[in-house]
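Quick notes on the structure that follows.
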Amino acid sequence: MTATAPAPSPARAARATAYLPRLALVLAALLASLFTAASPASAHAALTASDPKDGAVVATAPAQVTLSFSEQVAMGDDSIRVMDPQGKRVDTGELRDMCSGSTVRYGTALHSGLPNGTYTVAWQAVSADSHPVSGAFTFSVGAPSATSVSLPDRQAGGGPVGVVYDIARYAAYAGFTVLVGGAAFILLCWRRGSAERPLQKLVVRGWVTLTAATLAMLVLRTPYTGSGKFADVFDLDGLQAVLETKTGASFVSRLLLLGAAALFIAVLFGAYARRQKTSSAAEAVDETGAGDGTGAETEAEAEAADEAEKETSDLAFGLAIGGTVVAGGIAATWALAEHASTGIQPGIAMPVDILHLLAVAAWLGGLVALLVALHKVPDIEREAVQRFSKVAFISVLVLAVTGVYQSWRQLGSWSALTGTSYGRLLIIKVSLVAVLVAIAYLSRKWTGRLGEVRSTEDAGAGATGEEPAEVLAGVDVSRETSTGSGSDADAGADPRRAAQLARQRAAREKAREKQVRDADPGRAGLRRSVLAEAGVAVVLLAVTTVLTSTEPGRAAQLETNRSTAGPAVPNRAVKITLPFDTGGQNGKGTVRLELDPGRVGANTLHLWADGEDGKPLDLPEIKIAFTLPAKEIGPLPVAPDRDAPGHWSASGVQLPLAGEWRIDVTVRTSDIDQTTVQKNVKIG
């Protein structure tokens, strides 16, 4: 005999119910504050420019290296590293925040007196959508040289740490799905399931998995976005830096919400489960009494039953409100830190993403709960399966609407659907959802057959007076009872015998439940179809996890267009004519300058000087300099060689960046007569 826990007092249940709306209000306020803190950006940061540019050759060593990004990024003092040809760091290690307005630019100063050669710049940062990005490029001072520095082949977020972090991300999604979906299945579809041990274990394991995965991602965040070494999980300074980021704040918020979820689980499987168990027992007694003609209720008993039913309904309502707010808050920790919080329309995208996650959890998590109930609980009602079918249908509708919006927002064009990794993964996800819906249709057919079989069983039981479960199981209950009494007497004197009898009783009970399940062909078919659904759901969740860490198609196409478009290159050489007047005898004339091909990189320069009479003017000295004021580059001096009277030329004139360059030409016509003329030209 197992002792039955006493039912909670009405006052205690009322207090528990009263606390839940308050908890819901507090969590709603927390959720609102999180939404207020969110800031828009574009998904996945990309390096848009650098100074010096990748592959540029500059005449003198720059004072600093700067990087410009397409969106806000998080960087530390060690995020930009500059190495000389021998691999020695030549930067000061101090990060300079040069952001202004919509411009996102960071830099680091270089040591003075750097020799000529090729220098390597390696950088890493964290996008506004929490994903790490990194890269490297080279530039040369004076002329390119051999370098012993190899560009890093490990991308940020890769390596063994990246694998473990991605596993934790998958576990977090799976834990959230099981936790929220299992609880929703109990409250919406099968309230009696709150007292069933298998469903209790399922929901608790979902909570434990989500909590453990969140803690793992929190401590792995530093090596995941930085060095990639597991030893950095013990870096307290790095952990503190993570806590100051949007991603770290989302992890902490999720852990706080999981504390509230623990309270929800305690009430659901505590006071609420006991009330459900008591209510089920009372209904069984009422049905037995009505059948025997001896169970007439008094007016007082009826009023007590109505009051208990009302209190149970109030508690269920409080659990539903509190659970919805907690689940929405946990879903918001993803929406506020990943793709939904960046890109276009973040104010709409974040609530849509929360609805999307909740619909996924209600469908797939409820599917897992149904599968556990079908395998572990022999007498789940047909009505519970039908109610879940309605919940799943509504969830699929929500997924369709929110999914279409998310796809449009993240892709931006039909070409991105097949031309980007994000689009191809999205096609796979949609295909898996279609397969899942097809299998769910078969499950609905098995649910209908399940209802027919159970109705036949119930009718047979009413005609013969036998319990359907025992008839199906073929168990002789009277024989078990008679033999059990003597065995119990023997077991009192022999503890070993008592343990053996306990194992036998457990084995008989398990065998009885299995016989009941297997004797119902409708139930067996439903179990198989739901198992197939769960298998597809596991793969679908894995694809979704990869999708959330993949650069959205809209951003990927912008980056591709930016890299393939390249700088604007003129169709012909840059040609300018500058009049000059040094003020001395024969000091007037013009210079004609031609820069071929007139673009970034190496150019050939020709210059001709003509006097007032239009004849070549052989000047004693002429100097040329190039300056890019917008980037504070230059002046870069050029000393042309004299090819003929009035004609000078220079080859290999390096212009490192595109932009509006100023050309200064200094003309000397005598020992004391000199002037400088200038003109701005566009270099592509």
Legend entry - Exposure of Asp353 as accessible area (Å², to 10), given a probe of 1.4 Å and all protein chains: 30
Inset, instruction - Show Lys246, Lys390 ordered by accessible area, largest first, where the area counts protein heavy atoms only and the probe is 1.4 Å. - result: Lys390, Lys246
Legend entry - Where labels lie 7 Å past Cα in the beta-carbon direction, separation of Val404 and Asp237 in nm: 5.3
Legend entry - Amide H within-cut-off set for Tyr119, under 5 Å, with H built and near neighbours excluded: Phe139, Ser140, Val141
Inset, instruction - Would you mind computing, in nm to one decimal, how far apart the modelled labels at Asp54 and Lys588 are, each placed 7 Å from Cα along Cα→Cβ? - result: 5.2
Legend entry - Accessible surface, 1.4 Å probe, highest first, among residues Val404, Val126: Val404, Val126
Legend entry - Sequence-distant residues sharing a close amide H with Met98 (under 5 Å, placed H): Arg105, Tyr106, Gly107
Inset, instruction - Using only protein heavy atoms and a 1.4 Å probe, report how much of Glu94 is accessible, in Å² to the nearest 10. - result: 110
Inset, instruction - Report Ile265's accessible area, 1.4 Å probe, all protein chains in place, as a number in Å² to the nearest 10. - result: 20
Inset, instruction - Per residue of segment 165-170, in order, report the coupling 6.51 cos²θ - 1.76 cosθ + 1.60 (Karplus, θ = phi - 60°) as ³J(HN,Hα) in whole Hz, putting x for Gly and Pro. - result: 5, 5, 5, 5, 5, 5
Inset, instruction - Using θ = phi - 60° and the Karplus relation 6.51 cos²θ - 1.76 cosθ + 1.60, list the HN-Hα couplings for segment 655-671 in order, rounded to whole Hz, with x at every Gly or Pro. - result: 10, x, 9, 7, x, 8, 8, 9, 9, 9, 10, 9, 10, 10, 9, 8, 5
Inset, instruction - Rounded to whole Å and sorted largest first, list the principal axis extents of the Cα atoms in segment 156-197. - result: 48, 18, 6
Legend entry - Label-reachable residues, segment 204-244, where backbone N falls under 11 Å from a point 7 Å from Val163's Cα toward its Cβ: none
Inset, instruction - Kindly write out, for segment 192-208 in residue order, the coupling ³J(HN,Hα) from the Karplus curve 6.51 cos²θ - 1.76 cosθ + 1.60 (θ = phi - 60°), rounded to whole Hz, with x marking Gly and Pro. - result: 5, x, 5, 9, 8, 4, x, 6, 4, 4, 4, 5, 5, 5, x, 5, 5
Inset, instruction - Tell me which residues come under 5 Å, amide H to amide H, from Val126 once H is placed; ignore anything under 5 positions away on its chain. - result: Ala74, Val133
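Write out the trypsin sites (Lys or Arg not before Pro) in segment 623-684 meeting two conditions: DSSP loop, and at most 12 other Cβ atoms within 10 Å of their Cβ.
none
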Legend entry - Label point distance in nm, Arg424-Leu397, each placed 7 Å from Cα along Cα→Cβ: 3.6
Legend entry - Of Lys53/Lys575; Lys588/Lys631; Lys229/Lys429; Lys277/Lys510; Lys390/Lys510, pairs whose Cα-Cα distance is over 28 Å: Lys588/Lys631; Lys229/Lys429; Lys390/Lys510
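The values are calculated or read from the model by the stated rules, or taken from the named source; none is laboratory data. Note that the coordinates shown come from a computational prediction; the quantities given were computed from them, not determined experimentally. With ideal geometry, Cβ positions are generated from the backbone for all residues, glycine too; neighbour counts draw on all protein chains shown. To get the accessible areas, we keep the full protein, side chains included, count just its heavy atoms, and leave off ligands, DNA and RNA. Shrake-Rupley method; radii C 1.70, N 1.55, O 1.52, S 1.80 Å.
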